[in-house]
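Asker: My questions will all concern the structure given below.
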Amino acid sequence: MNDRIFKLTDVQYSYLGKYPALRDINMTIRKGEQVALIGSNGTGKSTLLHILDGLIFPDRGEVIALGQTLNEDYLSDEKNAHLFRSKVGLVFQNADIQLFCPSVKEDIVFGPLQLGFNDKIIADRLAQVLEILEIGHLLERIPHQLSIGEKRKVAIASVLAIDPEIIIFDEPTAGLDPLTVRHIVDFIVKAKQKGKTIITATHDLHIVGEIADTVYLFGKDKRIIKQGPAEKILEDKILLQENNLIHIHGHSHTGFTHAHPHLPTEKHSN
Amino acid sequence: MIRTTSIKNGNFLERSALSALSFVKNATLYEEFAVNKGFLQSLEPRIKTIVFLFFLITAVCLKSAIFIALLYLLCLTLAFCSGVPIIFFLVRTWVFIPIFSLCIVIPSLFSFVSGGQAIASFHALGIKFIITRQGLDGAVLFVARIATSVSLVVLLSLTTRHGELLKVLRNFKVPQVFVLTVSMCYRYLYLFAVIIENIFIAIKSRVGIVSHHGKGQHIVAWNIANTYNKSTQLSEDVYKAMLSRGYSGEPRLLEKFHPQLKDWFCLIGSVIVSACLFYMELRK
């Protein structure tokens, strides 16, 4: 199929050859699709994102990306690497890893510079991302002086400056205040409307309904337990509870206290 | 300015460690004057570095303390015109290196090191100490040179952003990969200072201020190993982040230096000043 961006067949990965991180992963991601990978901590979501971005390669199984087998041989060719990196962008979970340059401006233009974009394109892309993410005032700042939310926005800008067709987010809202979460979710929704393929790993179920059409649920055994439309997966309370994604907690309303599992899809009733 | 937790009752090593961390954090963050609007800040970094290099060579080559003092006065004037508070600048430049050099140079004041015309003498511990003119002149010249050189370098670093200073290295044909590596080290120094400080506070919150000597050594060793592991992991992750954005072994960095007419005037001015000082010294 022409619109197939990623196809993973029986992918397995382990750290140091003995700590399994992914088992029997099969998935297909199509162009323009918005996918969420959900699962509790340590279920292999980030590892899978690194595989999709061609940063690590599976021990077994096959990854087809943009019609080519994604492996070390393919990416060791500079032309292939250039093409792949200009089409796939990964926003890392830890923004401190992604922001390694002495200033915000240099971090944002790092990708376009490495990919050989000309000065005019770089200047245009810089102006665009500064406007989209409203971070023009941070341009000359040193990355370590920024707040976590600002760092996350700059990290997104540094990927967006490449203008990739496929954007991969690793826990984009983890540790952020509600307003910054809203900004980032709004940004992902806008990117979705522009037809970008978006793959997001998260355990924040409140944002999944907005940012994804298809959801893959990862279990503690590093396998995909279930996949399907977002609303269908989010409705399955028992499955989510079994996988540590929701929990029953007691809380107070005016006059009384009760306990029930909280789900993003349900309305809160007394 | 960032202040680390003050520990009034802490031991010497503890205070030294925290002070060192505080220094690293302040040094990496201190760009307050570099982002101000002032004379030196308005100059193009490459030209500014060459101007300061001229002045440094002049300070090293001049043989008269009076002309070196004139250069020092010029340095103070430049600091003033660039919005750097003079008291702050004097403290920053005189506290360490020139004072230490003063200590080093003291023996050369006396006749048993530098013979010559006696200008003063005194008795101490039953020994007669004679200060000679040649000894005093040599000591004054030595301290003046060091103080002026240190002041010039400090002024350059205070009025130029660290990242720009590193990029100036590119113009001296230093390979891009070296510049990138140094700037990344600089970037992550702060991160590691914070990590080490947090580990220290976490340990203290569990074991208290006082710990057994042997246990203390164990904690320090564990800390070193842990930080080493973290730095290895960080370097792998940063490399992945670079790869992800198209890095392929030879980095390309943003070069945005564009010298203006003012910069060229300044460069010519520095050459004239240096030439005048040498000329006046020759005529003296």
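The values are calculated or read from the model by the stated rules, or taken from the named source; none is laboratory data. Values in this document were obtained by computation on a predicted structure and should not be read as measured data. Here the Cβ is made from the backbone with ideal geometry for all residues, glycine too, and neighbour counts use every protein chain on show. Heads up: the accessible areas ignore ligands, DNA and RNA and are worked out on the full protein's heavy atoms, side chains in. Shrake-Rupley method; radii C 1.70, N 1.55, O 1.52, S 1.80 Å.
Asker: From the list B:I68, B:I131, B:I47, which one is of a type outside the set (K, R), more than 18 Å from B:V153 (Cβ to Cβ) and not in a loop (DSSP other than H, G, I, E, B)?
Answerer: Working: B:I68 fails: more than 18 Å from B:V153 (Cβ to Cβ); B:I47 fails: more than 18 Å from B:V153 (Cβ to Cβ).
Matching residue, one of B:I68, B:I131, B:I47: B:I131.
Asker: Within region B:99-136, how many residues are open to solvent by less than 60 Å² (accessible area, probe 1.4 Å), of a type in the set (V, I, T) and within 18 Å of B:A65 (Cβ to Cβ)?
Answerer: Counting residues in region B:99-136 that are open to solvent by less than 60 Å² (accessible area, probe 1.4 Å), of a type in the set (V, I, T) and within 18 Å of B:A65 (Cβ to Cβ) gives 3.
Asker: Could you grab me the full set of residues in region B:183-192 that are within 10 Å of another protein chain (Cβ to nearest Cβ) and open to solvent by less than 50 Å² (accessible area, probe 1.4 Å)?
Answerer: Matches in region B:183-192: B:S183, B:M184, B:R187, B:Y188, B:Y190, B:L191.
Asker: Next question, about the same structure. Would you mention how many residues in region B:230-270 are at pLDDT 90 or above and either loosely packed, with under 14 Cβ neighbours inside 10 Å or small (G, A, S) (or both)?
Answerer: Summing the residues that are at pLDDT 90 or above and either loosely packed, with under 14 Cβ neighbours inside 10 Å or small (G, A, S) (or both) in region B:230-270 gives 8.
Asker: Looking for something within 13 Å of B:V150 (Cα to Cα), aromatic (F, W, Y) and modelled with pLDDT under 90 - is there at least one such residue anywhere in region B:100-123? Explain how you work it out, then say what you get.
Answerer: At the first step, the residues of region B:100-123 found to be within 13 Å of B:V150 (Cα to Cα) are B:100-101.
Subsequent filtering for residues that are aromatic (F, W, Y) retains B:100.
Subsequent filtering for residues that are modelled with pLDDT under 90 retains B:100.
So far as region B:100-123 goes, yes, one or more of its residues are within 13 Å of B:V150 (Cα to Cα), aromatic (F, W, Y) and modelled with pLDDT under 90.
Asker: Can you name the residue in region B:247-275 that is away from chain A (no Cβ under 14 Å) and assigned to a loop (DSSP other than H, G, I, E, B) and, of all such residues, is nearest to A:S86 (Cα to Cα)? Walk me through how you get there before you give the answer.
Answerer: Taking region B:247-275 and keeping what is away from chain A (no Cβ under 14 Å), we get B:259-275.
Imposing the further condition that a residue be assigned to a loop (DSSP other than H, G, I, E, B) reduces the set to B:259-260.
Numbers: B:P259: 33, B:Q260: 36 Å.
Across region B:247-275, the extreme among qualifying residues is B:P259.
Asker: Same structure, new question: Could you tell me whether region B:154-170 includes any residue that is surrounded by 14 or more Cβ atoms within 10 Å (Cβ to Cβ), within 18 Å of A:I97 (Cβ to Cβ) and not assigned by TED's automatic domain parsing to the domain that holds B:L53? Working first, answer last.
Answerer: Looking only at region B:154-170, we keep the residues that are surrounded by 14 or more Cβ atoms within 10 Å (Cβ to Cβ), and these are B:154-170.
Those left that are additionally within 18 Å of A:I97 (Cβ to Cβ): none.
Looking through region B:154-170, none of the residues is surrounded by 14 or more Cβ atoms within 10 Å (Cβ to Cβ), within 18 Å of A:I97 (Cβ to Cβ) and not assigned by TED's automatic domain parsing to the domain that holds B:L53.
Asker: Okay, moving on. Report yes if some residue within region B:197-206 is touching a residue at least 24 places away in the same chain (Cβ under 8 Å), open to solvent by 80 Å² or more (accessible area, probe 1.4 Å), among the charged types (D, E, K, R) and assigned to a helix (DSSP H, G or I); otherwise report no.
Answerer: no
Asker: Shifting gears a bit: Name the single residue, out of those in region A:219-236 being more than 12 Å from A:V35 (Cβ to Cβ) and touching a strand residue (DSSP E or B) at 6+ places or on another chain (Cβ under 6 Å), that is least open to solvent (accessible area, probe 1.4 Å). It would help to see each step written out before you state the result.
Answerer: Taking region A:219-236 first, the residues more than 12 Å from A:V35 (Cβ to Cβ) are A:219-223, A:225-226, A:231-232, A:234-236.
Those still in the list that are touching a strand residue (DSSP E or B) at 6+ places or on another chain (Cβ under 6 Å) too: A:219, A:222-223, A:225-226.
Values: A:G219: 1, A:K222: 44, A:R223: 87, A:I225: 77, A:K226: 74 Å².
It comes out as A:G219.
Asker: Another question about this same structure. I'm trying to understand the selection: among the residues of region A:224-242, which are polar (S, T, N, Q) and over 21 Å from the mean Cα position of the chain (by Cα)? I'd like the intermediate steps shown before the answer.
Answerer: Keep residues of region A:224-242 that are polar (S, T, N, Q), which gives A:227, A:241.
Listed by number, the list holds a single entry, A:Q241.
Asker: Find the strands (runs of 3 or more DSSP E) located wholly in region A:199-270 whose residues include 3 or more that are at pLDDT 85 or above, and list them. Step through it out loud before you land on a result.
Answerer: Values: elements: A:214-218, A:224-229, A:248-253, A:256-261.
Strands (runs of 3 or more DSSP E) meeting the threshold: A:214-218, A:224-229.
Asker: For region A:166-174, indicate whether the set of residues that are out of contact with any Phe, Trp or Tyr (no Cβ under 9 Å at 6 or more places or on another chain) and open to solvent by 70 Å² or more (accessible area, probe 1.4 Å) is non-empty.
Answerer: No, the conditions are met nowhere in region A:166-174.
Asker: When you go through (1) in a loop (DSSP other than H, G, I, E, B); (2) in contact (Cβ under 8 Å) with a residue 40 or more places away in the chain one by one for B:F278, which number turns out not to apply?
Answerer: Unmet for B:F278, out of (1) in a loop (DSSP other than H, G, I, E, B); (2) in contact (Cβ under 8 Å) with a residue 40 or more places away in the chain: (1).
Asker: Determine which single condition A:I184 fails, assuming it passes every other condition in (1) in a helix (DSSP H, G or I); (2) modelled with pLDDT under 85; (3) touching a Pro at 6+ places or on another chain (Cβ under 7 Å).
Answerer: Evaluating A:I184 over (1) in a helix (DSSP H, G or I); (2) modelled with pLDDT under 85; (3) touching a Pro at 6+ places or on another chain (Cβ under 7 Å) leaves (2) as the failure.
Asker: In addition: With the condition being under 20 Å from A:K196 (Cα atoms) and within 14 Å of another protein chain (Cβ to nearest Cβ), I'd like the helices (runs of 4 or more DSSP H) fully within region A:1-88 carrying at least 2 qualifying residues. If you could, list the steps in order and put the result at the bottom.
Answerer: Numbers: elements: A:45-52, A:72-76, A:78-87.
In region A:1-88, A:45-52, A:78-87 are the helices (runs of 4 or more DSSP H) which contain 2 or more residues that are under 20 Å from A:K196 (Cα atoms) and within 14 Å of another protein chain (Cβ to nearest Cβ).
Asker: While we're on this one: Of everything in region A:1-20, what is surrounded by fewer than 21 Cβ atoms within 10 Å (Cβ to Cβ) and touching a residue at least 60 places away in the same chain (Cβ under 8 Å)? Give them in sequence order.
Answerer: A:R4, A:P20
Asker: Please verify whether region B:227-235 includes one or more residues that are within 30 Å of A:A161 (Cβ to Cβ) and either more than 14 Å from every other protein chain (Cβ to nearest Cβ) or basic (K, R) (or both). Steps first, answer last, please.
Answerer: Kept after step one, since they are within 30 Å of A:A161 (Cβ to Cβ), are these residues of region B:227-235: B:230-235.
If we keep only those that are either more than 14 Å from every other protein chain (Cβ to nearest Cβ) or basic (K, R) (or both) as well, we get B:230.
Scanning region B:227-235 turns up at least one residue that is within 30 Å of A:A161 (Cβ to Cβ) and either more than 14 Å from every other protein chain (Cβ to nearest Cβ) or basic (K, R) (or both).
Asker: Please go through (1) more than 9 Å from every other protein chain (Cβ to nearest Cβ); (2) within 18 Å of the chain's Cα centre (by Cα); (3) open to solvent by 30 Å² or more (accessible area, probe 1.4 Å) for A:N94 and return the number of the only condition it doesn't satisfy.
Answerer: Answer for A:N94: the failing condition is (1).
Asker: Another question, if that's okay. So which residues in region A:132-163 are within 13 Å of chain B (Cβ to nearest Cβ), open to solvent by 10 Å² or more (accessible area, probe 1.4 Å) and under 16 Å from the mean Cα position of the chain (by Cα)?
Answerer: Passing the criteria: A:K151, A:L160, A:D163.
Asker: If a residue must be within 27 Å of A:Q241 (Cβ to Cβ) and open to solvent by less than 20 Å² (accessible area, probe 1.4 Å), how many such residues does region A:30-60 contain?
Answerer: Within region A:30-60, residues that are within 27 Å of A:Q241 (Cβ to Cβ) and open to solvent by less than 20 Å² (accessible area, probe 1.4 Å) number 13.
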